[in-house]
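K.L.:
Have a look at the structure that comes next, please.
Read the figures in this text as sums done on the coordinates, not as results from a lab. Small disclaimer: the values here were computed from a predicted structure and weren't measured. Don't worry about glycine lacking a Cβ; one is built from the backbone with ideal geometry, like all the others, and counts go over all protein chains shown.
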6 protein chains.
Amino acid sequence: MYQLGIVRRHIQRAEREAVDRLAQFGSATVHEAMGRVGLMKPYMRPIYGGAHLAGTAVTVLLHPGDNWMMHVAAEQIREGDVVVAAVTADCTDGFFGDLLATSFRAQGALGLVIDAGVRDVKDLTAMGFPVWSKAISAKGTIKATLGSVNVSVVCAGAMVHPGDVIVADDDGVVVVPAALASQTADAAAAREANEAGKRARLAAGVLGLDMYQMRETLAKAGLKYID
Amino acid sequence: MYQLGIVRRHIQRAEREAVDRLAQFGSATVHEAMGRVGLMKPYMRPIYGGAHLAGTAVTVLLHPGDNWMMHVAAEQIREGDVVVAAVTADCTDGFFGDLLATSFRAQGALGLVIDAGVRDVKDLTAMGFPVWSKAISAKGTIKATLGSVNVSVVCAGAMVHPGDVIVADDDGVVVVPAALASQTADAAAAREANEAGKRARLAAGVLGLDMYQMRETLAKAGLKYID
Amino acid sequence: MYQLGIVRRHIQRAEREAVDRLAQFGSATVHEAMGRVGLMKPYMRPIYGGAHLAGTAVTVLLHPGDNWMMHVAAEQIREGDVVVAAVTADCTDGFFGDLLATSFRAQGALGLVIDAGVRDVKDLTAMGFPVWSKAISAKGTIKATLGSVNVSVVCAGAMVHPGDVIVADDDGVVVVPAALASQTADAAAAREANEAGKRARLAAGVLGLDMYQMRETLAKAGLKYID
Amino acid sequence: MYQLGIVRRHIQRAEREAVDRLAQFGSATVHEAMGRVGLMKPYMRPIYGGAHLAGTAVTVLLHPGDNWMMHVAAEQIREGDVVVAAVTADCTDGFFGDLLATSFRAQGALGLVIDAGVRDVKDLTAMGFPVWSKAISAKGTIKATLGSVNVSVVCAGAMVHPGDVIVADDDGVVVVPAALASQTADAAAAREANEAGKRARLAAGVLGLDMYQMRETLAKAGLKYID
Amino acid sequence: MYQLGIVRRHIQRAEREAVDRLAQFGSATVHEAMGRVGLMKPYMRPIYGGAHLAGTAVTVLLHPGDNWMMHVAAEQIREGDVVVAAVTADCTDGFFGDLLATSFRAQGALGLVIDAGVRDVKDLTAMGFPVWSKAISAKGTIKATLGSVNVSVVCAGAMVHPGDVIVADDDGVVVVPAALASQTADAAAAREANEAGKRARLAAGVLGLDMYQMRETLAKAGLKYID
Amino acid sequence: MYQLGIVRRHIQRAEREAVDRLAQFGSATVHEAMGRVGLMKPYMRPIYGGAHLAGTAVTVLLHPGDNWMMHVAAEQIREGDVVVAAVTADCTDGFFGDLLATSFRAQGALGLVIDAGVRDVKDLTAMGFPVWSKAISAKGTIKATLGSVNVSVVCAGAMVHPGDVIVADDDGVVVVPAALASQTADAAAAREANEAGKRARLAAGVLGLDMYQMRETLAKAGLKYID
């Protein structure tokens, strides 16, 4: 539930062991393992290519054009966290830059996911501090209105509860509820187990039609071949 | 949390008395009374002007292009409910038309809020069945994949729990958590109580600058008048 | 194929009888009858509510900001035609207003479908000349570059061949290939035949779950009811 | 130039006589008379159909989510003005509702043009107070940051200087610099003078190809007719 | 024409020699050589910079969220083909990843053009398998509904017939009808022949105004120089 | 004011010394130093990462699909200028490629800012000629309609007067009025002076809450910590 003016100090983070296992998989695999739910909208893009992280969510609820709560959030970060920032209305302002990144990293943050804009992207890239955002904007923000830290938020169309696992890479950002972290890691591992074999067969020219035995189903569905 | 393949039969609806009181206010007033949170994104528009409702949410989680769960939802509708439909990915297909509206109304629904498309808008308008949607589209849907009914969903950027109050009119759609319905109605009533007096003074030519005593604060903030 | 600088004088229009039968159905029904293909994108909206037409397409290919070919198209209009205007790049300029509408109507046109902007919408509304467009814009156009008339075009994501049937109403715009007009009208009629009966049953409170016998399939798919 | 924290009390409004003459023309005609410049982007739409105004601009520069300066602007309104509100970053919040409309009207305003959102649209429609906006949103705003009144602004892509003429109707919003008001009114009048004759000829079936003598130019440009 | 449930086995591919010649030119040059038609919308972007291909189109028509037909398409790929995937409604799901890329490449495909989303972009980049898409998304798809292979489709606003030539690079994607491949290659070659000379003169400081002899035409058009 | 068919030969460029000082700062710092005004919309993106420039604006007003005036503008470029191109309506065509870049560079231009599309991006990247644009598109343009050079324009939502300073980098494009260049450079320098110290303290783990002494203000605003 949205609540304003609140900071929750103690949150139930997903178990470290499950987070570490999830870190071995891409967002696409984890999203499949979740049953194809929990993905943020695809407008969320990394500021540089190749970043990949899995961490526990510290959430922030911001107002448009106001990044006051980012400083409040910094104090709640623990080693291995990812800050997830939501805004109460659409906004592309640059809420975050290299100073905040320096602070977040010093507190142990792995990265930031923000449903708004970010700036100083050249510095952030040089620092290797990954950010997934919906915009890049030089426009700064003020510090005037209270939001909240560690409440449940909606970020880029996905519900995020404090302590949930965030898996993010070049393909997007997926949210795994803390309680499902371990079983999702199991399911992801199972999915990947036989991918190597499949890849080798496909590379050798075997068709998916045959490997997945689709021909009969397709024929039953009415597929017609014409010469 | 998103869960697929689940129908919750018994939900805790907001108290009827609070819902009825909320029904007296517009979405703008209720949104202010909530502390300016809980509003769906402004792309959600009514299919015809002038509609206004307040009801309790029966939620549906759909997959793109698949409206199977709308039929499952119909059975869970009680008198005074509003169906709130979320989709697991962006989609503008027309998930809902006059047949479903006939069924929903027969079960007691006041209207529909859907983060996707709707069709048969001429018939729905003639029926007086209000729908707030992000698109109008003749494109129909299939019935192939399970979603859920009465789980928490994200609809147009807002978190909706089954039983929450939905207040919708020409200005948009706001969600009031069931537990806050009564106090929000109180706050809304307090807001409106002295609006009539203000309107009369403004109509008489009194300036907001004077009525709200803003001149001193503006001067302190540095406002300069130039001739 | 796009071809520039060409006007095809003789086109094969869909049979009048089939067009007249299609005119009895809404775009949603016709789209279903087509197998859910042939729909223009939902950003195409009528300039006023309640319009409904079915006619044969005279196509125009325009360049951004240039409506020269609209005058060339006027001469190719026959009674019962609908002009379908495509543009070689995204453009929202107002290519069409009340003067062209007067001319198009005098030649027998029922309306216009344009993947760009239109202006004089108050006059067009007063005339009852329906237009489906992606924008309304006061910005006029020049007459400098050749396009084509009666070539195959892509309009709002749909392929349109000269002579195809256009069915348009409040729900959108659907294209029926001339050769499929008659069988599509048959299929649309079949779809509507038993809708009245269904509507009555749903209005009486019968659930779609029972009327469409969905319960067993849903259970097999794994749907679980929770109390 | 953007300047913050400034209110200009005395502005040079376009001459009333020229404004009154411009009021006789639609935005499309005025835009043509201007040489096809000065039009706001077509995402600016009226909150209800049929409104039409011409007035002198009182400009306001706002910050996202903050409508403080609207109250400051109210005091600068004179009979026949139109308030033109720009925002320093994209924002769809509802900066304006029925209370402010009551105040603006009491001061003599004809309407509002705002590159952001508006709310209470049902009340505004009932009052007949026209607003052109880019969104409708129940989301209210705060009063915390200084902007300016009567400085030059960019509104929906168009430059507006205080005192310029705003002509707005169903087709959009056009800005006429105060110094060009009279000559633009002349040019608009000249454009309309012979439209009636053209309309009659087109209605009688004369083709634009012949009325505008386009056939030769088209042939020279290479247009080919195919049977 | 859109047709569902069909796979055309034998298509008329553009001649290899013409395709090879077209491969020497960028999409901008080819688009000019076509007379400025046949370009896909600019939202189509390569997943990594520097890719450049020319190949013959194998087309696929997909439904939103369903990539079943991609496997059917794989079997129809011949050496030097490019798969062009269209969808019946807007969708950003990730229809394609590294496994399908492995299979497509094994069959001889040079790359993919898809009016939807793609995933596993890090792997695809490592493989050097180029994709032009409108989105990147971790969201996977199901295999439930029949589309078609090797029918004419609309992809990102462009009509594509099986066997047409696709030229794609950092500037976009252009479609050359098979029958026009040779003459388009000639026209492209002619365009480029004298570009080197022009570039040298411009680099030496000669103005385009003089090199293209524009001064007189500009003066005739009324251009005025002010000091 | 928009004026068509005009080329202003002599413009008042910002002082070189101030421009050179501004060149030391990023767009975010300059934007803050301006009081958070003057930023172009964030859809303006560089065609390659890492570019950074500060130069004086030569402005061009173009019509959609027509780049004639770019050649006229070339003659007005002086060493250290940046060309700023605005268009009278939304357009994504590629108005600019490697030939024009060769010419602009030969005349002394540092780069281009264009509220439209650009092409030949691979060549431009190889040349190291930076462009900030809203699109990349292979679509070329014609040379038929007069615009203007060195008039005031609106580019991506920002007002630009000839001679203003343009500061552009990975974070966006900011416009500094010529008359404010020196004082803005001062303000930017002041902002950066103590950033190094702050960065070091934040890196050492000091919280912004303490460094900026926010705790008391937050408590007064009502922030509550919950365990």
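K.L.:
Return the whole-Å distance between the Cα centroid of region E:163-227 and the Cα centroid of region A:32-63.
P.N.:
Between the Cα centres of region E:163-227 and region A:32-63 lies a distance of 44 Å.
K.L.:
While we're looking at this one, here's another question. What is the percent of Cα-Cα separations in region B:54-183 that go past 24 Å?
P.N.:
17
K.L.:
Please report, in debye to the nearest 20, how large the charge dipole of the protein assembly as shown is about its Cα centre when each Lys and Arg carries +1 at its beta carbon and each Asp and Glu carries -1 there.
P.N.:
0
K.L.:
Relative to the Cα centre, what is the charge dipole magnitude of chain F, using +1 at the beta carbon of each Lys and Arg, -1 at the beta carbon of each Asp and Glu, and rounding to the nearest 20 debye?
P.N.:
It works out to roughly 240 debye.
K.L.:
Would you calculate the separation in nanometres between label points at C:Leu209 and C:Asn194, each defined as 7 Å from the Cα along the Cα-to-beta-carbon direction?
P.N.:
Taking the simple label geometry, C:Leu209 and C:Asn194 are separated by 2.2 nm.
K.L.:
Taking neighbour counts of Cβ atoms within 10 Å as a proxy for exposure, in what order, fewest first, do E:Val167, C:Val118 appear?
P.N.:
C:Val118, E:Val167
K.L.:
Could you give me the percent of Cα pairs per 5 Å distance bin for region D:1-63, shortest bin first, beginning at zero and ending with the bin that holds the maximum distance?
P.N.:
Per 5 Å bin, starting at 0, the Cα pair percentages come out as 3, 12, 17, 24, 19, 17, 8, 1.
K.L.:
Using the Kirkwood radius built from alpha carbon pairs, what does the Stokes-Einstein equation give as D for region A:109-148 at 4 °C and 1.567 mPa s, in µm² per second?
P.N.:
114
K.L.:
Mind checking the mean number of beta-carbon atoms from other chains within 10 Å of the Cβ atoms in B:119-125?
P.N.:
Mean number of neighbouring Cβ atoms from other chains: 6.
K.L.:
How long is region B:139-227 along each principal axis, judged by its Cα atoms, biggest number first, in Å?
P.N.:
Cα extents, longest axis first: 69, 32, 26 Å.
K.L.:
So which residue of E has the beta-carbon closest to the axis that swings E onto A, and how many whole Å away?
P.N.:
Result for the E and A rotation: E:Gly49, 6.
K.L.:
Between F:Gln12 and E:Ala219, what is the label-to-label distance in nm when each label sits 7 Å out along the Cα-to-Cβ direction?
P.N.:
Label at F:Gln12, label at E:Ala219, 3.2 nm between them.
K.L.:
Something else: Hey, what number do you get for chain A at 222 nm if only DSSP H runs of n ≥ 4 count, each worth -39500 (n - 2.57), divided across all residues, to the nearest 500?
P.N.:
-8500 deg cm²/dmol
K.L.:
Given Cα positions, please report Rg to Rh for the protein assembly as shown, the hydrodynamic radius being the Kirkwood one.
P.N.:
0.94
K.L.:
How much of the calculated P(r) for chain B lies past 23 Å, in percent of all Cα pairs?
P.N.:
50
K.L.:
Using a label point 7 angstrom from Cα along Cα-to-C-beta, what distances in nm, from shortest up, separate E:Tyr43 from the other copies?
P.N.:
0.6, 1.0, 1.2, 1.2, 1.4
K.L.:
Using the 7 Å Cα-to-Cβ label point, sort the distances from E:Ala221 to its equivalents in the other copies shortest first and give them in nm to one decimal.
P.N.:
Inter-copy label distances (nm, one decimal, shortest first): 1.5, 4.7, 5.3, 5.3, 5.9.
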